[in-house]
Amino acid sequence: MSKPYDATIKDLAAQGPADFVSWFDGPTTRSVKVLNVDLSTVTTAADVVFGIGDPVTEILHLDAQAGPSATKHLDVLAYNILLHRTYRVPVHSSVLLLRQQAEHPNLTGTVQYAARPGRGKMEFGFEVIRLWEIPAEELLRSSLATAPLAVLGKLPEALSLEEALAAVVRQLAERLEREAAGKQADRLLTAAYILTGLRLKTPDEVRRLFQGVTIAMRESVTYQAILDEGRKEGEKRGEKRGEKKGWRRGRIEELHRIILRQGRVRFGEADETVQGQIEAIRDIEMLEALSERLVIVPSWAELLA
């Protein structure tokens, strides 16, 4: 799962830990917090670990997937065991599939084998949640932290994909305008924007969809920045088509400018060290991931961590 979607799911979970647990695991009256777990052998950016109770009496491990993985079931098993060993409490593991392309035959919800039949066996179960099977209208009515996931939910079959998504985005924006504070509304709509990229084919389609939002968040500097970035990316692709080498160099330079410009708006002017670190990155995919991640992280240090 690529970095922008990792960071987006983790940011939503941090804004409403109890809401995530209630929606994807079941209602709870106990306190819930996101655990900062350092299990470096298996930890990936997609993992979100919720501690339930104070002190923690059980754990929910939620792993969001945007693409298929032949070994994800084994990663989930390893993480479950290490979490149980670290905290000594029951651990429930769930894999949240964000789109149908994340399906894999190995994600059956079980890991079973017996190296010596009759003398011992491994039997582990985990939950598989398919987000596209949950009606978008139900997600829209859920808590603010989970409402942006509606763009990946089940849409009405009577409408085209673009029409149905436009209706979801409009309803989400109207709700955020009514119920969310300025910065929170900005972050939640930005999360929906990033996640919509899993459903539409091109950044231009996503940008056009969100340009129809006519609420206060259109005045947000961050929100306008990601729309502006999408427009410039489209222009760059058109201008440089057929000139691969020159296009690559120009794309890298443009991404450097985008990151430094948007980062200045978010965090203040980058010092020479930060600017040097960014300009030293020549990998386009990594720079694109940074340009999307910076809209939800709180500082230059977190962006480059």
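The values are calculated or read from the model by the stated rules, or taken from the named source; none is laboratory data. Remember, it's a predicted structure, so these values are computed and weren't measured experimentally. Backbone-built Cβ (ideal geometry, glycine too); neighbour counts: all protein chains shown. We work out accessible area using only protein heavy atoms, side chains counted, and drop any ligands, DNA or RNA first. Shrake-Rupley method; radii C 1.70, N 1.55, O 1.52, S 1.80 Å.
So how do 171-181, 154-164, 56-66, 186-196 stack up, highest first, on mean other-Cβ count within 10 Å?
Details: 171-181: 16.5, 154-164: 12.8, 56-66: 20.6, 186-196: 23.6.
Ranked by mean Cβ neighbours within 10 Å, highest first: 186-196, 56-66, 171-181, 154-164.
So which of 10/183; 33/201; 10/121 end up more than 25 Å apart by C-alpha? Walk me through the numbers on the way to the answer.
Numbers: 10/183 17 Å; 33/201 35 Å; 10/121 34 Å.
Too far apart for the 25 Å limit: 33/201; 10/121.
Summing Lys, Arg as +1 and Asp, Glu as -1, what charge do residues with Cβ under 10 Å from the Cβ of residue 130 carry, residue 130 excluded?
On the way: positive: 99, 154; negative: 103, 133.
Summing Lys and Arg as +1 and Asp and Glu as -1 gives 0.
Determine the sum of side-chain charges near residue 89: Lys and Arg each +1, Asp and Glu each -1, restricted to other residues whose C-beta is under 15 angstrom from that of residue 89. Could you put the intermediate results ahead of the total?
Numbers: positive: 30, 33, 85, 88; negative: 25, 54, 58.
Here the charged neighbours net out to +1.
Keeping the other protein chains in place, figure out the carbon and sulfur percent of the accessible area of region 97-150, with a 1.4 Å probe.
45
Which peptide among 128-138, 262-272 comes first, and what is the full order, when sorted by highest mean count of other Cβ atoms within 10 Å?
Details: 128-138: 16.8, 262-272: 14.5.
The packing order, highest mean first, is 128-138, 262-272.
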